[in-house]
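First up is the structure itself, then whatever we jot down about it.
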Amino acid sequence: MTVVDTRQDRPSSVRRVVTAIPGPRSVELADRRAAALPAGLTSSSAVYAERAADGVLVDVDGNSFIDLGSGIAVTTVGNSAPRVVERAAAQLERFTHTCFLVNGYESYLEVCETLNRLTPGDHQKRSALFNTGAEAVENAVKYARVATGRPAVVVFDHAFHGRSLLTMTMTAKNMPYKNNFGPFAPEVYRVPMAYPYRWPSGPDNAAAEAFEEFRLVVDTQIGAGSVAAVVVEPIQGEGGFIVPAAGFLRQVAEFCAERGILLIADEVQTGIARTGHWFASEHEGIVPDLITTAKGLGGGLPLAAVTGRAEVMDAAHAGGIGGTYSGNPVACEAALGVFETIESEDLLTRARRIGDILQAELADIAAGTNVIGDVRGRGAMIAAEFVTGDALTPNRDAVAEIVRYAQDNGVLTLSAGTFGNVLRFLPPLTIPDELLREGLGVIRDAVARI
């Protein structure tokens, strides 16, 4: 079925700055915000959105920005994608909520059946739906603990898994995610990540040495027989788009299988076509026991999932898993629109094409400066790590300056990284090549200013 978007208010794919940034209307809304919202609830951008589509966001002052962040990897198929809007709107007219724990509905089943089909592995699977990535990760740990009868969870340096008590504990970075929010959850242990760019003895040694440290911690400090799950992002998101050294994840997966430990892949940011495969685990050839998804799954509506081996997912007792809004029917219909859009428009291939453009352009920018130490990522999930002249000291100020310059010139970008020195790119997969290149041109100008 071909879906044509006929809405007259859909913004044009152009960059246009018509006021100072932020404009007067955004400033007015910021004043209202300061009076009504708590100070700790911040936004990285100073502009307030009015409309958005594909790779463009229009603010309340009429400025049109190239969107290279997709609401942190959420609007992967484009903002207000036609199939998402059509399905969600139709569902709004039928019913908005029943609570799946009370009355079921077919769209919930369809989303789970699709995830069972698309996730890696040909084993029998089950899926359960939730609202957020943190909820998905926390429930994946619950499934792992009840299935194994073990308490411990192993996570990695630079990881981000959410902001709930358990997932905040699992997250590595203190500020802003954990500072003053303790005490934290017990039985969470951290091991090194095979971070090629920053591995002390060099990238060629990262996989072997990081795995040996991981093995020693699990076997001698925790005790493998106490570990329910190892939780890992196949590409670390908030940590700075760290792609683990080649072979590291496979060694971890084999180790877990040998010791009866469940491997949970946190694909909240990497999943749903972002990296050129449906799931980033496929790049490494690993088959996790459990996979968590969110962000791009709902096309902008809150939806998350845990998909895993049937025997693991069936281990939880009746009534032990769920939530009032989990798997909301409108969000489920939106997710079905996401799946249709990716498959009908071949957005897996498109993600790889975007990745090629990002990698080439950023490598060229890096060649002309000494402030970019590394360009890395997969598909439409690419980042540049900024450093000072000694090539390893994090350059957080450079990233902050680039983000500000880009915003002032009509481009929305995101920072990341344990040290705040990574500029990350998560454009929607529907962004036109020329718009993407134009946005990167602004980034080039910003780097030149540094």
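Read-outs: derived from the displayed coordinates by stated rules, not from any lab. This structure is a prediction, so every number in the text was calculated from the model and none was measured. Cβ sites come from the backbone with ideal geometry, for glycine too, and all protein chains shown count toward neighbours.
Sorted from largest down, give the three principal axis spans of the alpha carbons of the stretch 86-216, whole angstrom values.
59, 40, 35
What percent does the relative contact order of the stretch 67-192 come to when contacts are Cα pairs within less than 8 Å and at least six residues apart?
About 16 percent, as a whole number.
If each DSSP helix of 4+ residues adds -39,500 (n - 2.57) and the sum is divided by the residues in the chain, what number results at 222 nm, nearest 500 deg cm²/dmol?
Taking each H run of at least 4 residues, the total per residue is -11000 deg cm²/dmol.
Grab the other residues whose beta carbon is less than 11 angstrom from that of L348, score K and R as +1, D and E as -1, and report the net. Walk me through the numbers on the way to the answer.
Values: positive: R274, R350, R352, R353; negative: E282, E343, E345, D346.
Value of the local net charge: 0.
Rank-order 313-323, 226-236 by packing density, defined as the average count of other C-beta atoms within 10 Å over each peptide's residues, highest first.
Top to bottom by mean Cβ count within 10 Å: 226-236, 313-323.
Using only Cα atoms, what is the ratio of the radius of gyration of the stretch 248-357 to 2.2 N^0.38 Å?
Computed over Cα atoms of the stretch 248-357, the ratio equals 1.20.
So which chymotrypsin sites (Phe, Trp or Tyr not before Pro) in the stretch 174-242 are both in a DSSP loop and have at most 13 other Cβ atoms within 10 Å of their Cβ?
Those satisfying the criteria are F181, F184.
Taking K and R as +1 and D and E as -1, what net charge do the other residues with C-beta under 14 Å from the C-beta of N63 add up to?
Its environment carries a net charge of -1.
Could you work out the relative contact order of the stretch 84-344, using alpha carbon pairs under 8 angstrom and six or more residues apart, expressed as a whole percent?
Relative CO of the stretch 84-344 lands at 32 percent.
With the contact rule set at Cα under 8 Å and sequence spacing of 6 or more, what percent relative contact order holds for the chain? Before the final figure, lay out the partial values.
Details: 943 pairs, mean separation 99.7, N = 450.
Rounded, it is 22 percent for the chain.
Measuring from centroid to centroid over Cα atoms, what is the spacing of the stretch 19-60 and the stretch 363-404 in Å?
Taking the Cα centre of each part, the stretch 19-60 and the stretch 363-404 sit 27 Å apart.
Mind checking which of R94, R376, R424 has the largest fluctuation in a GNM of the chain, springs on alpha carbons under 10 Å?
Among R94, R376, R424, the largest GNM mean-square fluctuation belongs to R94.
Taking only the C-alpha atoms, wrap a convex hull around the stretch 84-344 and report its volume per residue in Å³ as a whole number.
128
How much length, in nm to one decimal, is gained on full extension between A46 and D397, taken as 0.36 nm per residue of separation minus their Cα-Cα distance?
124.6 nm
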